[in-house]
Amino acid sequence: MNVLVINCGSSSLKYQVIHAESEEVLAKGLCERIGIDGRLVYQPKGGEKEITESPMPTHTEAVRMVLDALVNEKSGVLKSLDEIDAVGHRVVHGGEKFANSILIDEEVIQAVEECSDLAPLHNPANLIGIRACRQVLKDVPMAAVFDTAFHQTMPQEAYLYGLPYEYYEKYKVRKYGFHGTSHSYVSKRAAELLGRPYDSLKTIVCHLGNGASICAVKNGKSVDTSMGLSPLEGLIMGTRSGDIDPSAVEFLAKKENLDLEGIVKVLNKESGVYGLSGVSSDFRDLDQASEEGNGRAKAAVDAFCYRAAKYIGSYAAAMNGVDVICFTAGVGENDGKVRAKICGYLGYLGMTLDEEANRTRGEEVRLSTADSKVTALLVPTNEELAICRETVALIK
Ligand code: AMP
C-alpha cells in the first residue's frame, strides 16, 4: 500500500509517498510559491533532487504537478496513479471535535471548517489541500490527522485557562496544544527503544524546532503541553514570544502605536530568539554569533533553555516524576549545546548527560549516562511516517 502524505500551507505543499509495509519513502518534495509563480521540488528515492519552475495559480495545479512527477517516465516512482492507495493530510486544528484521526468526508470537511476560527492561518490552507486532492484523486480514501488530537486526553485542570468560564462554553477558549503527531510518535518510540510498556511510562517530549513545544505523556496519554489555544503559548521559539504577561500586549500597543493585528504580528514573527538576539531565528547563527561575543545572541539561547527547563520541571511535578526526557525536531536533534544547557538545570531530577553521546546529531541515541536516574533520549521525529501509519490504520 502506498500513502501520499500531504502537509499543505497557504502558499506551499509538502508531500511524501511512503510504501506503508516497508515504511520506505519512495519520493518527497514540496511545491512553493503557489498562487505567486510556482516551483516544484521532487526527489525520488535514491535519485537527484529535481526543481521545476512552472505556474501554479492554485493548489489544484500543484497537486497535479506532484502527481505528474510521481508517474513521470524518467524519474517517477509509480507506474500509474492507481498505485496511490490513500492520502493522509496533516490538519492543524481539530478543536474538541477530533480526538483521533478520521477518514475524510463532507461532514469532516465541514467540521474542520468550523475549527478554522481557532486556527485562521492554518486550517483554511489545510482544507485547500484536501479539496485539491479530492478534485484530482477522486475515489482515493483520505484521512485527516490533527496536530491537536493527541492532546485531547489532557485533564480539565490542565486545559482550562483562568478566564470567565463562559468563554470556554461559548467559544471553546482553552489549551489545545500542537505538534501532537510528533509528541505521540516520539513518546511511543522512546518506550520501544527502552523496551518499556508505553502505558506505564512518564515521558517528557521536547519538540524544539522553529516552533517549539514540550509535552507531558503519562501512561501513553498527553496530560499537559506548552502550546495553547494557538501555537503562540509556551516556550520562547524561533520568532514567537511564547508566554508573556498579557498586560504587555496593551502596554506595547500603546507605546508602539500598534493595532491588534500589528501586535499579534510582533508576537508571532518578530519575537522569540530572533527578536531577543536581533541576529537570527536559526540556532546555528546564534551559536556562531555567541562565539563571536554577541551578548544578545547568548542571552536569547540562555532564555530559550531556561524556559524549556522550567516547563520540564513543571511537567515532572504534574506527573509526580519522570522516567524519560526526549529531544526532537531541528534544534533538539542537532544542537548538543542547547540539550546540555537544558539538562544542566535537571540535576535535581538525577539527570546526568553523557557528553560523548550528546555529540550525536539526528540519530536515535541514549544521551544520559547508564547511572542517570532519568533517561535522556534523542529521538528524531517523523511526522510524515506517523501520518502514514494513522492513515493505514483507518483504512484497514
Ligand atoms: P524544525 O522547525 O524542526 O525544522 O527546526 C528548524 C530549526 O532547527 C532551525 O531554525 C535551526 O534553528 C535548528 N537547526 C537545524 N539544524 C541545526 C544544527 N545543525 N544545529 C543547530 N540547530 C539546528
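Do the conditions hold for Ala316, that is, is it hydrophobic (A, V, I, L, M, F, W, C), over 20 Å from Gly211 (Cα atoms) and assigned to a helix (DSSP H, G or I)?
Considered against the rule, which asks whether it is hydrophobic (A, V, I, L, M, F, W, C), over 20 Å from Gly211 (Cα atoms) and assigned to a helix (DSSP H, G or I), Ala316 comes out as yes.
Does Gly293 count as outside any helix (DSSP H, G or I), modelled with pLDDT of 95 or more and surrounded by fewer than 16 Cβ atoms within 10 Å (Cβ to Cβ)?
Answer is yes for this residue.
Restricting attention to the stretch 317-332, which residues are surrounded by 21 or more Cβ atoms within 10 Å (Cβ to Cβ) and either under 22 Å from Glu192 (Cβ atoms) or among the polar types (S, T, N, Q) (or both)?
Val322, Val324, Ile325, Cys326, Phe327, Thr328, Ala329, Gly332
Which one of these is more than 14 Å from the ligand (Cβ to nearest atom), within 23 Å of Glu390 (Cβ to Cβ) and in a strand (DSSP E or B): Ser222, Ser184?
It is Ser222.
If you go through the stretch 262-275 one residue at a time, do you hit one that is within 16 Å of the ligand (Cβ to nearest atom), aromatic (Phe, Trp, Tyr) and in contact with a helix residue (DSSP H, G or I) (Cβ under 7 Å, 6 or more places away or on another chain)?
no
Given (1) buried (at least 22 other Cβ atoms within 10 Å of the Cβ); (2) modelled with pLDDT of 95 or more; (3) not charged (D, E, K, R), identify the lone condition not met by Phe98.
Among (1) buried (at least 22 other Cβ atoms within 10 Å of the Cβ); (2) modelled with pLDDT of 95 or more; (3) not charged (D, E, K, R), the lone unmet condition for Phe98 is (1).
Taking the residues in the stretch 342-396 that are acidic (Asp, Glu) and within 14 Å of the ligand (Cβ to nearest atom) as candidates, determine which candidate is nearest to the chain's Cα centre (by Cα).
Filtering the stretch 342-396 for residues that are acidic (Asp, Glu) and within 14 Å of the ligand (Cβ to nearest atom), the one nearest to the chain's Cα centre (by Cα) comes out as Glu383.
Tell me which residues, restricted to the stretch 130-166, are basic (Lys, Arg) and assigned to a loop (DSSP other than H, G, I, E, B).
Hit for the stretch 130-166 is Lys138, nothing else.
Taking the stretch 193-210 on its own, how many of its residues are in a loop (DSSP other than H, G, I, E, B) and touching a helix residue (DSSP H, G or I) at 6+ places or on another chain (Cβ under 8 Å)?
Here is the first cut: in the stretch 193-210, the ones in a loop (DSSP other than H, G, I, E, B) are 195-197, 201, 209-210.
Within this subset, residues satisfying the condition of being touching a helix residue (DSSP H, G or I) at 6+ places or on another chain (Cβ under 8 Å) are 197, 201, 209-210.
Within the stretch 193-210, residues that are in a loop (DSSP other than H, G, I, E, B) and touching a helix residue (DSSP H, G or I) at 6+ places or on another chain (Cβ under 8 Å) number 4.
Within the set of pairs 6+ apart or on separate chains, which have a first residue in the stretch 280-291 that is more than 7 Å from the ligand (Cβ to nearest atom), a second that is outside any helix (DSSP H, G or I), and C-beta atoms under 7 Å apart?
Asp285/Val279; Leu286/Val279; Leu286/Ser280; Ala289/Val279
Got a number for residues in the stretch 142-166 being exposed (fewer than 14 other Cβ atoms within 10 Å of the Cβ) and farther than 17 Å from Leu232 by Cβ? Break it down stepwise before answering.
Restricting attention to the stretch 142-166, the residues satisfying the condition of being exposed (fewer than 14 other Cβ atoms within 10 Å of the Cβ) are 155-157, 162-166.
With farther than 17 Å from Leu232 by Cβ added as a condition, the list becomes 155-157, 162, 164-166.
Summing the residues that are exposed (fewer than 14 other Cβ atoms within 10 Å of the Cβ) and farther than 17 Å from Leu232 by Cβ in the stretch 142-166 gives 7.
The values are calculated or read from the model by the stated rules, or taken from the named source; none is laboratory data. Quantities reported herein were computed from a predicted structural model and do not represent experimental measurements. Because the Cβ atoms are built from the backbone with ideal geometry, glycine has one as well, and the counts that use them run over all protein chains shown.
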